[in-house]
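This report concerns only the one structure given below.
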Amino acid sequence: MLWPDSLAGRTTLVLLVGLLALHLGSVWVHEAALRGNDQSSRERSLAEGLARAGRALTTLPDTERDRAAHALSGPGLELHWRNGAPPPDKSLTGADLLVVRNALLQAAPELAGVRLEWADADRHLLVGALPLGDAGAISFAAPIFRASHGGPFDPVGLALLAAMAAGIGLVSIIVVRGLTKPLRALSAAADRVGREAGTVRVPDDGPAEVRQAARAFNAMQERIRQLLEDRTQALAAVSHDLRTPITRLRLYAGFLDDTEARDRIDANLDEMAAMIETTLDYLREGRETEKPRPADLVTVLRTVCDAAADASGDVTYAGPETLVLPLRRVAMRRALANLVGNAVAYGGRARLTLSRIPGQVVIEIADDGPGIPEAQLEEVFEPFRRLEASRNRATGGVGLGLTIARRAIAVEGGTLRLLNRAEGGLSALISLPNVLDNNRPAASGTEGTRANRWSGGMPLIGRQAWFSNRADQNQKAGLVVARLPGSR
């Protein structure tokens with residue numbers, strides 16, 4: 001088979017074929033230019049011979065002119081002298097003769113009265129006469145004369161060469177792109193790893209090197225998946241086994257007479273259970289098969305606020321009444337719950353603001369806490385990383401909440417950043433792509449101006465959110481917050 005199996009062989013073949021085609025085309029253009037140059041030289045020689053003969057014969061007597069014309073003849077030009085009127089000029093009625101006439105006049109302007117015609121139907125022999133006034137006329141014949149024109153730097157030839165090179169280059173680009181298409185598919189699949197649930201299979205077709213890379217990529221994904229599966233199953237088994245001794249220790253602690261010691265033991269057991277559940281949540285991220293579906297982001301935010309309020313948290317929300325986006329609702333609710341929980345635990349309260357900017361949806365979760373040192377704003381996203389100054393073990397965290405939140409938001413195509421607020425406290429800014437238009441009409445005079453406040457002191461059953469229309473929020477109509485922390 002002529003088509004090579006390897007990528008190197010196919011690329012080499014394409015280059016060789018392209019170079020060969022370019023060479024053949026260049027030779028053809030070169031030969032055409034040489035033929036044009038020969039034609040131009042023949043025309044110049046003819047014009048110079050006729051002009052020289054005319055000047056010479058006008059100075060001779062009639063008896064010497066015919067012999068002098070024969071002496072001036074050569075291999076490419078036969079001359080005769082005639083004593084009489086020249087034949088009629090046919091160059092004005094023939095396009096090819098007119099081209100030759102113009103070329104002769106350009107080389108020798110004194111040939112203005114030359115008469116031209118073809119002696120044969122194939123136009124291989126040019127004949128004509130040059131009037132000499134009172135000295136008669138010179139009859140001539142130029143054998144093997146063609147009516148084609150050009151030159152060594154013929155613009156038409158150069159244009160043809162450039163067009164040929166451009167065509168070959170374009171075809172080569174298309175062919176090479178087709179050859180490297182499997183590599184682009186492999187790159188795209190590698191970029192989707194970790195963003196989508198499950199493994200991303202790459203078809204093993206194309207050249208031998210690409211097929212080998214695709215098989216290795218698929219095998220690597222399978223090994224990684226199996227490794228994560230084994231690790232998660234092992235930790236799940238350990239956590240399941242730990243629940244029994246934890247429960248047993250709770251029972252034993254219940255028989256203690258020392259209330260203070262019993263409370264300390266219960267607190268430590270609660271911390272152990274929370275660590276186990278949080279670690280399992282972290283390991284489950286990326287293994288869940290939840291698909292994005294259109295969901296009301298405002299409903300998700302209010303659900304998170306309700307849960308925080310039930311735990312006696314001070315939470316407020318400001319933003320539109322509804323905003324539909326394609327979301328993985330469970331993962332997004334978990335991420336928002338982690339961020340709101342951090343704001344309430346370390347900042348005393350959480351203020352949620354939902355706004356829209358062109359092409360994006362921005363969620364701000366602000367607190368009034370001590371903030372985080374600027375140099376450590378990115379470090380807190382590392383797994384199991386806790387900052388003792390502001391995120392100490394007494395709060396019950398194990399350093400996975402922010403990691404889980406950023407991973408879940410990244411899967412949605414968004415970003416999560418932490419910023420210290422100028423007036424004090426920390427802001428978590430979530431940016432999500434706004435890929436769905438929310439066509440629901442907004443309630444007149446209320447969208448973007450209504451603030452829902454949840455108080456932990458209100459009971460869950462029968463609780464109703466109350467709204468406050470403040471003058472400053474009336475200036476924020478249009479779903480966009482007037483200032484975001486970090487934009488100072």
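The values are calculated or read from the model by the stated rules, or taken from the named source; none is laboratory data. As the structure is a computational prediction, the values presented were derived from the model and not from experiment. Neighbour counts are summed over all protein chains in view; Cβ atoms, including those assigned to glycine, are modelled from backbone coordinates with ideal geometry.
Listed conditions (1) in a loop (DSSP other than H, G, I, E, B); (2) exposed (fewer than 12 other Cβ atoms within 10 Å of the Cβ); (3) of a type in the set (S, T, N, Q) are all met by THR63, apart from (1).
Given the structure, is GLY371 assigned by TED's automatic domain parsing to the domain that holds LEU416, touching a Gly at 6+ places or on another chain (Cβ under 9 Å) and part of a loop (DSSP other than H, G, I, E, B)? Can you show your working first?
Values: assigned by TED's automatic domain parsing to the domain that holds LEU416: yes; touching a Gly at 6+ places or on another chain (Cβ under 9 Å): yes; part of a loop (DSSP other than H, G, I, E, B): yes.
Yes, satisfied.
Of the conditions (1) loosely packed, with under 15 Cβ neighbours inside 10 Å; (2) at negative phi; (3) out of contact with any Gly (no Cβ under 6 Å at 6 or more places or on another chain), SER139 satisfies every one except a single condition; which number is it? So SER139 meets the others, but not (1).
Residue under question is GLY313, and the condition is that it be touching a residue at least 60 places away in the same chain (Cβ under 8 Å), closer than 26 Å to PRO383 by Cα, among the small types (Gly, Ala, Ser) and in a helix (DSSP H, G or I); does it hold?
Working: touching a residue at least 60 places away in the same chain (Cβ under 8 Å): yes; closer than 26 Å to PRO383 by Cα: yes; among the small types (Gly, Ala, Ser): yes; in a helix (DSSP H, G or I): no.
Considered against the rule, which asks whether it is touching a residue at least 60 places away in the same chain (Cβ under 8 Å), closer than 26 Å to PRO383 by Cα, among the small types (Gly, Ala, Ser) and in a helix (DSSP H, G or I), GLY313 comes out as no.
The residue pairs whose first member lies in region 402-424 and is in contact (Cβ under 8 Å) with a residue 60 or more places away in the chain and closer than 12 Å to GLU378 by Cβ, whose second member is surrounded by fewer than 20 Cβ atoms within 10 Å (Cβ to Cβ) and among the small types (Gly, Ala, Ser), and whose beta carbons are closer than 7 Å, counting only pairs six or more residues apart or on different chains, are LEU419/GLY486. Could we say that ARG201 is touching a helix residue (DSSP H, G or I) at 6+ places or on another chain (Cβ under 9 Å), farther than 29 Å from ALA405 by Cα, free of Cβ contacts under 8 Å to residues at least 24 places away in the same chain and not aliphatic (A, V, I, L, M) here? Considered against the rule, which asks whether it is touching a helix residue (DSSP H, G or I) at 6+ places or on another chain (Cβ under 9 Å), farther than 29 Å from ALA405 by Cα, free of Cβ contacts under 8 Å to residues at least 24 places away in the same chain and not aliphatic (A, V, I, L, M), ARG201 comes out as no. Of the residues making up region 197-255, those that are within 40 Å of the chain's Cα centre (by Cα), surrounded by 13 or more Cβ atoms within 10 Å (Cβ to Cβ), of a type in the set (D, E, K, R) and not in a loop (DSSP other than H, G, I, E, B) are GLU209, ARG211, ARG225. Among the residues of this structure, ALA103 does not count as one that is surrounded by fewer than 14 Cβ atoms within 10 Å (Cβ to Cβ), aliphatic (A, V, I, L, M) and assigned to a helix (DSSP H, G or I). The residue that is farthest from the chain's Cα centre (by Cα), counting only those in region 76-89 that are surrounded by fewer than 16 Cβ atoms within 10 Å (Cβ to Cβ) and at pLDDT below 80, is GLY84. Being touching a Phe, Trp or Tyr at 6+ places or on another chain (Cβ under 7 Å) and crowded, with 18+ Cβ neighbours inside 10 Å is the requirement here; does GLY128 meet it? So GLY128 passes the test. If you filter region 344-379 down to residues that are small (Gly, Ala, Ser) and in contact with a strand residue (DSSP E or B) (Cβ under 9 Å, 6 or more places away or on another chain), you find that the one that is surrounded by the most Cβ atoms within 10 Å (Cβ to Cβ) is ALA350.
Could you grab me the full set of residues in region 345-356 that are under 19 Å from ALA318 (Cβ atoms), in contact with a helix residue (DSSP H, G or I) (Cβ under 8 Å, 6 or more places away or on another chain) and at pLDDT below 90? Passing the criteria: only ARG349.
Here region 102-126 is the region considered, the condition is being of a type in the set (D, E, K, R) and more than 16 Å from ILE138 (Cα to Cα), and the residue that is modelled with the highest pLDDT is ASP120.
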